[in-house]
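Notes for the one structure printed next.
The values are calculated or read from the model by the stated rules, or taken from the named source; none is laboratory data. What you see is a predicted model; the values in this text were computed from it and never measured. Every residue, glycine as well, gets a Cβ built from its backbone with ideal geometry; the counts of neighbours run over all protein chains shown.
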Amino acid sequence: MNDENKTRAQLIDELQDMRNRVAELERNRTVEGHEKVRAEALRESEERLRLALDATNDGIWDWDPGTGRSYFSPRYYTMLGYAPDEFPSTYESWRRLIHPDDVETAEASVRRALEERVPFAVEFRMKAKNGAWLWILGRGKVAELDAERKAVRVVGSHTDITEHKRTAEALEKRIVALTRPLEDVEGIAFEDLFNLSDIQHLQDLYAEAFGVAALITRPDGTPITRPSNFTVLCSQFIRNTEKGNKNCTISDALIGRHNPAGPTIQPCLSAGLCNAGASITVGGRHIANWLIGQVRNENQKEEEIMAYARELGADESAFRAAYRQVPVMSQAQFERVANVVFAMANQLSLSAYQNVQQARFITERKQIEESLRLTQFIFDKAPIGIWRMGPTGEVLDVNEAAAPASVTAGKRSAA
């Protein structure tokens, strides 16, 4: 039908129909736009969550008590050394990673959370892939997904606190060692008295500044610190052999022996190079040796050192080349360097003694405070009335049982 033959009503109906279709298209476009916005927001939210899970040092998890299924974040796998496909996905499998002595403690905290709807925090050990036991701090709570069906999940995080535990245990051991009698030399170790990283740094600086090798050992010659500025001859050709290392350990023990008069300066008993040592003591007890050396002067003879190379079964050509690289220092200069290390060892000995005394003072102070608190508690809670009087008869203190009587007596005297 041509438009000119249509009635006015028909044209109005067609126009309205077109308007309805345009409106529907607009609505669809608006819905699609909203859906697109929502989808984009969801993708951004998921990306932020993924970045947060990747960045955190904690392992994130959730557990469905109904099905026994669990989720673990990527950090959870790497924290224990696993790949995702190696890690258990069920509670029973995961439970086998917990140390047998800690299973009940860990499970009891989760049971209490489920029964009382309270957050929990618990420490336990878990076995990593390499077999090591890691200390874990577990924190979590119950999340209700459907109140009507009572559907819940337990969600939380696990943090590796192994290093923190080791530090705390080392500190406790150090405090115990420092508060033992000085006569008990076995109970006091060099590393109980000093921060080894600080000592290592000091030793490295000393060796670099004076051009000598340096090492701190126990009295028997076994190393405490890492070697500083060791020569190729000593590190690769002598100490790298069983016989040479044994001879060096014996030499370190003898040269580092306690000598309050000054440093011990003599050729080492292994290769014959210039060596010196000073003892570190605490309260007169020998706890460590500070050793320096691995330099040569006109007193060393190359052919004598080559005889030692043959004794060790070393390649003579390479051994000779390493010997010629050993720094040369005059005897007078080496003695001055040795006197410096003797002064530093004495300063460390003084610091060691002060550390012990300070630790004992702190411990004794805590014991006195605890004793006073216990005495006051007994005084306050005694079933009979007790008064504490001053030298002139004034009342300094009364316990709880005496308080009513003292109040009554006060009222009578006022009357």
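Looking only at residues that are in a helix (DSSP H, G or I) and within 20 Å of ALA207 (Cβ to Cβ) in region 295-329, which one is farthest from the chain's Cα centre (by Cα)? The extreme case among them is TYR323. If I ask for residues that are surrounded by fewer than 16 Cβ atoms within 10 Å (Cβ to Cβ) and either farther than 23 Å from ALA143 by Cα or in contact with a Leu (Cβ under 9 Å, 6 or more places away or on another chain) (or both), which ones from region 65-97 would you list? Selection gives PRO65, PRO74, THR78, GLY81, ALA83, PRO84, ASP85, GLU86, PRO88, ARG96. Out of ASN259, ASN275, ASN289, one residue alone is under 17 Å from ASN339 (Cβ atoms), in contact with a Cys (Cβ under 7 Å, 6 or more places away or on another chain), among the polar types (S, T, N, Q) and in the same structural domain as GLN347 (by TED's automatic domain parsing). It is ASN275.
Search region 395-415 for residues being at pLDDT 80 or above and in a loop (DSSP other than H, G, I, E, B), and hand back the single one that is surrounded by the fewest Cβ atoms within 10 Å (Cβ to Cβ). It comes out as GLU400. Of all the numbered requirements in (1) at pLDDT below 75; (2) within 30 Å of ASN245 (Cβ to Cβ), VAL341 misses one, and that requirement is (1).
Which members of region 117-137 meet the condition of being within 15 Å of VAL155 (Cα to Cα) and over 18 Å from the mean Cα position of the chain (by Cα)? Selection gives ARG117, VAL118, PRO119, PHE120, ALA121, VAL122. Residue-level check: of (1) within 23 Å of ILE287 (Cα to Cα); (2) modelled with pLDDT under 90, LYS165 misses just (1). Could you please let me know if LYS150 is among the charged types (D, E, K, R) and either within 19 Å of the chain's Cα centre (by Cα) or at pLDDT 85 or above (or both)? No, not satisfied.
Listed by first and then second residue, the pairs with beta-carbon distance under 7 Å, at least 6 apart or on different chains, first residue in region 96-119 and touching a residue at least 24 places away in the same chain (Cβ under 8 Å), second among the small types (Gly, Ala, Ser) and not in a helix (DSSP H, G or I), are ALA106/GLY138; ALA113/GLY140.
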